[in-house]
1. Determine whether residue A:121 is exposed (fewer than 15 other Cβ atoms within 10 Å of the Cβ) and within 14 Å of chain B (Cβ to nearest Cβ).
2. Within region B:85-118, which residues are crowded, with 16+ Cβ neighbours inside 10 Å, of a type in the set (Lys, Arg) and over 25 Å from residue B:158 (Cα atoms)?
3. Consider region A:102-124. How many of its residues are part of a helix (DSSP H, G or I) and touching a Ser or Thr at 6+ places or on another chain (Cβ under 8 Å)?
4. Hey, can you tell me all the residues within region A:138-184 that are more than 15 Å from the chain's Cα centre (by Cα), closer than 21 Å to residue A:89 by Cα and at pLDDT 75 or above?
5. Enumerate the pairs (first residue in region A:115-127 and of a type outside the set (Ser, Thr, Tyr); second residue anywhere and surrounded by fewer than 16 Cβ atoms within 10 Å (Cβ to Cβ)) with beta-carbon separation below 7 Å, excluding pairs fewer than 6 apart on the same chain, so at least 6 apart or on different chains.
6. Can you spot a residue in region B:13-36 that is under 18 Å from the mean Cα position of the chain (by Cα) and free of Cβ contacts under 8 Å to residues at least 12 places away in the same chain?
7. If you go through region A:7-33 one residue at a time, how many are surrounded by 21 or more Cβ atoms within 10 Å (Cβ to Cβ) and under 19 Å from residue A:103 (Cβ atoms)?
8. Of the conditions (1) modelled with pLDDT of 95 or more; (2) under 30 Å from residue A:64 (Cα atoms); (3) within 13 Å of another protein chain (Cβ to nearest Cβ), residue B:98 clears all except one; give me its number.
Protein chains: 2
Amino acid sequence: MRVLGVDPGLTRCGVGVVEGVAGRPLAMLGVGVVRTPADAETGQRLVAIEQGIDAWLDEHRPELVAVERVFAQHNVRTVMGTAQASAVAMLCASRRGIPVALHTPSEVKAAITGSGRADKTQVGAMVTRLLRLDAPPKPADAADALALAICHIWRAPALNRLQQAQAAARPSRIPTTASVRKVTR
Amino acid sequence: MRVLGVDPGLTRCGVGVVEGVAGRPLAMLGVGVVRTPADAETGQRLVAIEQGIDAWLDEHRPELVAVERVFAQHNVRTVMGTAQASAVAMLCASRRGIPVALHTPSEVKAAITGSGRADKTQVGAMVTRLLRLDAPPKPADAADALALAICHIWRAPALNRLQQAQAAARPSRIPTTASVRKVTR
C-alpha cells in the first residue's frame, strides 16, 4: 500500500510517501516539507498548505493519508496551528475520497523504535535504516512524516483484523461509517 | 459593508450575514447553521463544513468573513473540533481573496452587550434588538455568528484607524501583509 504521511504544522508541514506492506522492505517514494511564511495571515497560510498537500496527492496518488493526531495538552500557541494544518490535510484527502488515519506521536514512536518515548534522533535513525536512506531526512518534520507512513503500514494488518472482528461481532449490521471510523482513526 | 460571521464548530457551525456600517441600523441578510453528523469521520465532516461555507459565500458574497478566534485553554475535546472548523472557514474565505478577521468571544460580547462576560441569553437578546428580529436566532451558534458580524462592523472603523496609524508610523515601509495582519486578526 502507498501511504502519504503528514506531520502537520503551519510553518513546516512534513510530508512523506512510503510504499510497502508489513513484513517486507519499504520504499520511500518522496519526502519534503510544505512551508508557509510566519508573517502571512493564517488564512493565506492554510491556502498554501492546501496547495502543497494537493500537489503531493496529485503526484503520488496515495491510497491512504496518515496524519498525526493532535492533542490540546501541547504548547497552547503551536497546537492551534497544528490543528489547523491537520484539518487542511484531512480535508484535502477526504475531498478526494482518500481514507485518513490518525496516529498519536507515541504510537508512531513505539511502532518505529519500540519505545513510545523515543526522541527525534532515534526516530530519524530508524526511518533512515528502515527506508535504507543515506542520511536522516531533514528537517525533523520530514522524517516524522515518513515515520507516520511507516507506522500506518505496519499497524494496518492489526487494525484490519480489529475491524473484521468488530464487524463479525455485529452480524446483523452492515458495516457503517462509525464502525470503520474506529479502525481507521 | 457585508460581513459573514462564523461561529466555528464541527457539530454546529453558526453562520450569519449582516450588512451595515457603524452608527447606522444594521440588516440581517441570512442566518443558519452548518451541521455535520457526530458519527462521521472528521475528514468527511470538514468536507461538509467546506461545502456549507462555500454555499454561504456563493449566495451572499460578503466583503469580509469574521471568525471567532479559538483559544486552546477551552475544553480540550471541543477546542480541537473548533480549531479544525475555523481553519476550514478561513481557508474557504482566503481561497477567494476575501479578508478574514478574528475576534475573541469577549471582544464580541463587549461590542454587543457592553460586557465581555455577558452570557448567551444577553448576547441573543442584543442581537435580536440590533437586527430588529422577532425572536433570538436559534441555536445559540447562529446568534453568535450574527454577533461576530455585528462586532466586526462596529470595530472596523477603529481597526482601520489603527491600521492607518501603524502605516504612518513606518513611512519608509510599504504596507506589508504583516502590518495588515495586526489589524484584521
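1. No; evaluated as a whole, the condition is false for this residue.
2. B:95
3. Selection size over region A:102-124: 3.
4. Listed by number, the residues that qualify are A:138, A:139.
5. A:116/A:106
6. No, the conditions are met nowhere in region B:13-36.
7. The number of residues fulfilling the criteria is 10.
8. That leaves (2) as the condition not met.
The values are calculated or read from the model by the stated rules, or taken from the named source; none is laboratory data. Treat the numbers as computed from the prediction; the structure is a model and nothing was measured. Positions of Cβ are generated from backbone atoms using ideal geometry, with glycine treated the same way; all protein chains shown enter the neighbour counts.
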